[in-house]
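> Take a look at the following structure, please.
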Ligand code: EPU
């Protein structure tokens, strides 16, 4: 059993460059289905979720050449299957991102119904309602969603009940091939959606307004392959900035490879907590300094440009050491506080009431064996270990591998005392 072992208390210093954004790369890979031929993606993170998406595309008949660790040449000309099978969707819900592109190119898709996950029920009803409005007929049986647009996709107005990232993306990817104009109102505005729209426009799509609540898509007859660079991972960047705020040495921790504008609300909240954050003179990154005194600050997660749910656990590692009481409210996922109970095992004082976490700041953490509940929670436990007294062993680190490339190596590059090691699996004793 692989674990991440963290020896707390070693100051971090230096510069870390983040990888391309997981949540962009996965959708860009799905979008290659729309353009027969070879699309080359650069700055692709080498993480297990990307490997799963690669398998999904290969099952459909795509050929993927790994040009180098971060460059994939994806040839979708031979795609002759429209199915995302259960074993892959069960591994990674983002596999459902192929639905929009498959409908756009082939007019059909067969997608295993995603069940709930450790973040909550995570329905896809908004994807389906939106696609129905475009003319897709759905039939669900034997655990699969059969989507049929053989009568053609027709542009229309769709108002999303909630600014869902996945629904916005699936709708955009279907609408690029619909007849006429689609207007998506209450669209999600995440930077990864802007990245997707940019690539689709490079491919010949006519998308306007990505990054605003109203996205307009003028359907086109064909899209052509391109070369596109994946946007930098704002969440990975935020994770390292929190590491700096917790335990940086005098020079701070500098993070590059992303756009600081994508972290506006995170920076604002960290500064309100007393963290000094400087922008590099050329704007290419940020330096976070250690916060000697952390001020309590209330945070609520919201769609972009609000505070990202994907930074909630990392922010909690700071709040739980604040001098006073904070409340963190999780508005996006119903089950994203599992991390808090693990942090309590390290000495935090946190009470969960529904979607609120009531946090009473403590003076420090004590190293403990803990279990990653999910991707961001796992990374946050490693962060807590960096400042904890003694050793923290974080297990179930496959969650972390889903979204953080070389997390341990990058932390070691900042002088952290962290290692990935193998211990006997207690279940096998
Ligand atoms: N929802 C519905 N019905 C739908 C769609 C969404 O009820 O049809 C609900 C979900 O259950 C959830 C909320 O709406 O409670 C938000 O879901 P959204 O569709 O916005 O999220 P997503 O597309 O499933 C992506 C990221 C998540 C990130 C969220 C929010 C990917 C692969 N995943 O998920 O990333 O937290 O947007 O920003 O892009 C992560 O990276 O750790 C992660 C979980």
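> Sort out which residues of segment 134-153 are in contact (Cβ under 8 Å) with a residue 24 or more places away in the chain, touching a helix residue (DSSP H, G or I) at 6+ places or on another chain (Cβ under 9 Å) and under 16 Å from residue 100 (Cβ atoms), and write them in order of number.
134, 136, 145, 147, 148, 149, 153
> Moving on to the next point. Among the residues of segment 176-207, what is the count of those that are more than 16 Å from the ligand (Cβ to nearest atom) and under 22 Å from residue 129 (Cα atoms)?
Summing the residues that are more than 16 Å from the ligand (Cβ to nearest atom) and under 22 Å from residue 129 (Cα atoms) in segment 176-207 gives 9.
Quick grid of which residues meet (1) surrounded by 23 or more Cβ atoms within 10 Å (Cβ to Cβ); (2) in a strand (DSSP E or B); (3) modelled with pLDDT of 95 or more:
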| position | (1), (2), (3) |
| --- | --- |
| 313 | yes, no, yes |
| 328 | yes, yes, yes |
| 380 | yes, no, yes |
| 384 | yes, no, yes |
| 412 | no, no, yes |
| 427 | no, no, no |
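> Answer with yes or no whether residue 309 is within 16 Å of the ligand (Cβ to nearest atom) and in contact with a strand residue (DSSP E or B) (Cβ under 6 Å, 6 or more places away or on another chain).
yes
> Do we find a residue being out of contact with any helix residue (DSSP H, G or I) (no Cβ under 9 Å at 6 or more places or on another chain), within 16 Å of the ligand (Cβ to nearest atom) and modelled with pLDDT of 95 or more anywhere in segment 284-305?
yes
> Considering only residues that are crowded, with 24+ Cβ neighbours inside 10 Å and more than 9 Å from residue 156 (Cβ to Cβ), which ones fall in segment 176-188?
Correct list: 176, 177, 184, 187.
> Assigned to a helix (DSSP H, G or I) and either crowded, with 19+ Cβ neighbours inside 10 Å or in contact with a strand residue (DSSP E or B) (Cβ under 7 Å, 6 or more places away or on another chain) (or both), is that true of residue 243?
Here the answer is yes, as residue 243 does meet what is asked.
> Take segment 143-172 and flag every residue that is in a loop (DSSP other than H, G, I, E, B) and either on the phi > 0 side of the Ramachandran plot or away from the ligand (no atom under 16 Å from the Cβ) (or both).
Once the filter is applied, which keeps residues that are in a loop (DSSP other than H, G, I, E, B) and either on the phi > 0 side of the Ramachandran plot or away from the ligand (no atom under 16 Å from the Cβ) (or both), segment 143-172 yields 143, 149, 150, 151, 152, 153, 155, 156.
> Quick one: which helices (runs of 4 or more DSSP H) lie wholly within segment 1-111 and hold at least 3 residues that are at pLDDT below 95 and more than 30 Å from residue 419 (Cα to Cα)? Break it down stepwise before answering.
Details: elements: 22-31, 48-59, 86-91, 99-106.
Correct list: 86-91.
> Out of all the residues in segment 26-35, is one or more in contact (Cβ under 8 Å) with a residue 60 or more places away in the chain and either out of contact with any helix residue (DSSP H, G or I) (no Cβ under 9 Å at 6 or more places or on another chain) or surrounded by fewer than 24 Cβ atoms within 10 Å (Cβ to Cβ) (or both)?
Scanning segment 26-35, I find no residue that is in contact (Cβ under 8 Å) with a residue 60 or more places away in the chain and either out of contact with any helix residue (DSSP H, G or I) (no Cβ under 9 Å at 6 or more places or on another chain) or surrounded by fewer than 24 Cβ atoms within 10 Å (Cβ to Cβ) (or both), so the answer is no.
> Would you point out which residue out of 168, 216 is farther than 27 Å from residue 122 by Cβ and without any contact (Cβ under 8 Å) to a residue 60 or more places away in the chain?
Matching residue, one of 168, 216: 216.
The values are calculated or read from the model by the stated rules, or taken from the named source; none is laboratory data. The structure presented is a predicted model; accordingly, all values stated were derived computationally and were not measured. Cβ sites come from the backbone with ideal geometry, for glycine too, and all protein chains shown count toward neighbours.
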